[in-house]
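To keep things clear, I will list the structure first and then write my remarks on it.
The values are calculated or read from the model by the stated rules, or taken from the named source; none is laboratory data. Remember, predicted model here, so these are calculated numbers, not experimental data. No Cβ is skipped: glycine too gets one built from the backbone with ideal geometry, and neighbour counts run over all protein chains shown.
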Amino acid sequence: MRLQAFLLILLLLYGAVAQAEPCAAPALVITDISLEGNETTKSQVMLRELTFAPGDTILTEGLEPLLQENQKRLFNLRLFHHVNYTYTCADGQVQVKYQVQERFYLYPIPIFDFADRNFNAWLEKEDWSRIDYGINLIQKNFRGRNEEVRVRVQRGFNKRLELGYRVPYVWRRHNLGADFSVADYRSRTVSYTNLNNRQRFFEQESGMPIKRTSVAAALVHRLDVQRQEGLRFSYHNEQISDSVTFLNPDYYHDAQQERQYTRVELYKVINRRNNFAYPTAGSYFDAMVSQTIFLRNTGSPFTAFRTKYVKYVPLSDKYFYMAGAEGQLRLAGEHAFADNIALGYRSYVRGYELYVIGGQHYGLFKQGLTRQLLDIESIKLKFIDNPKFNNIPLSLYLNSFTDAGYVVDDVFDKGNQLTNRLLVGGGLGLHAVTFYDIVLRLEYTLNREGNRGFYFSARFPF
């Protein structure tokens, strides 16, 4: 028996060596690519993202880097919890298999949100009536083709109705996709001006002082999951009450209570981050130019340019550095207050979350040093049977940061001291990243004005 077992072990070892030996050859040929675990996702959706195909010849030392890079590309589709790969070599030929764990693709997300720019802006008012509620229904990976259907029904302080549909490919030969959306927004209050870089609100007891409706369609040239460019057309109709016009005649400038306009946007995105939810390596670039044309003499046309670049550098296994900049130019003969948006909404200097700095142009710089504190690949929830929900990853990061920004406003700067002034803020933050790309941030900041405090956010800082 011992002799037989010994001979069996030798035979297995010989077979393993014989099978692995061809992988030491200078070049290899990819003969097959198989997929496993994609019960919903169509195979062509995944294969289209790969940078190699059956019949390709690659250098042996480039095999592992190639498979790892494509593993990241599949993961960044945001369709899977996990993406793994295996391969076998025989006679200089390689067979590759990618195994995935699909996510749950129907997201019925209840809406219970604050009717302000951020949590701290809402907390400052201590007004529980400024709450929005409803449901945001998102069907990702619709028909298994990475399409997306969006329905948002929101009530409460701000009322919204939004419908959207995105299809990655309508013309496969040229990698062209499309995005369509319709939105209606109405609110019980409107920020009619800024004073001391704080919003001043008008609230109407009955009726809605502001209404916005829009229709948009975009044609997207999608080279891959990391690079795309597009052309978007949109039509907008906006109305305000006569009380808003009385409080600020420049709210719409030429138009008194209603304006209509079309907008054409051309944009490009190059997203080479290793992880789209919380990147620690790679880079991100986007640029956009738009032309807004008002109908029926309801405004002065303007051209806007916006660009952003961020670099993420891993310093070691636990330490990471990030630095990036963003800027905007808006060129027009005349400016309406409603369009005078710079820092304080989508982009801001941390430490100035309670302020709104309006203007025509702005520049923003952010940098941060991050230390990973915890990285748990999976927390098993034994009381849940569904594998799409019972494994929760959790990562914790300690982040130190400094931000700087500058806003140029030559029209509405009166009474707003932070405009046309260098803004500087910094602090420490604790960031948590968990499943379905959820990012939670708690940060303590100090700004140039001497303001300090804790701020909470639910998205990646830059």
Selection count where residues are out of contact with any Lys or Arg (no Cβ under 9 Å at 6 or more places or on another chain), crowded, with 17+ Cβ neighbours inside 10 Å and either of a type in the set (Lys, Arg) or not in a strand (DSSP E or B) (or both), scope the stretch 254-277: 1
Selection count, the stretch 369-407, where residues are over 30 Å from residue 301 (Cβ atoms) and either of a type in the set (Ser, Thr, Tyr) or surrounded by 21 or more Cβ atoms within 10 Å (Cβ to Cβ) (or both): 8
Qualifying residue in the stretch 141-160 (condition: over 21 Å from residue 259 (Cα atoms), buried (at least 16 other Cβ atoms within 10 Å of the Cβ), aliphatic (A, V, I, L, M) and in the same structural domain as residue 411 (by TED's automatic domain parsing)): yes
Qualifying residue in the stretch 393-406 (condition: more than 30 Å from residue 104 (Cβ to Cβ), free of Cβ contacts under 8 Å to residues at least 40 places away in the same chain, assigned to a strand (DSSP E or B) and not β-branched (Val, Ile, Thr)): yes
Elements of type strands (runs of 3 or more DSSP E) contained in the stretch 27-113, each with 3 or more residues being out of contact with any Cys (no Cβ under 8 Å at 6 or more places or on another chain) and of a type in the set (Ser, Thr, Tyr): 80-90
Looking only at the stretch 252-270, and only at residues there that are in contact with a His (Cβ under 8 Å, 6 or more places away or on another chain) and among the polar types (S, T, N, Q), the one that is farthest from residue 292 (Cα to Cα): 260
From the options 291, 328, residue that is more than 23 Å from the chain's Cα centre (by Cα) and either part of a strand (DSSP E or B) or without any contact (Cβ under 8 Å) to a residue 40 or more places away in the chain (or both): 291
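Condition check ((1) touching a residue at least 12 places away in the same chain (Cβ under 8 Å); (2) closer than 27 Å to residue 230 by Cβ; (3) out of contact with any helix residue (DSSP H, G or I) (no Cβ under 8 Å at 6 or more places or on another chain); (4) not basic (Lys, Arg)) across all residues:
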| position | (1), (2), (3), (4) |
| --- | --- |
| 273 | yes, yes, yes, no |
| 279 | yes, yes, yes, yes |
| 284 | yes, yes, yes, yes |
| 296 | yes, no, yes, no |
| 307 | yes, yes, yes, yes |
| 314 | yes, no, yes, yes |
| 318 | yes, no, yes, no |
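Looking for whichever is part of a strand (DSSP E or B) and modelled with pLDDT of 95 or more here; the options are 232, 200, 160. Which one fits? If you could, list the steps in order and put the result at the bottom.
On the way: 200 fails: modelled with pLDDT of 95 or more; 160 fails: modelled with pLDDT of 95 or more.
When all the criteria are applied, what remains is 232.
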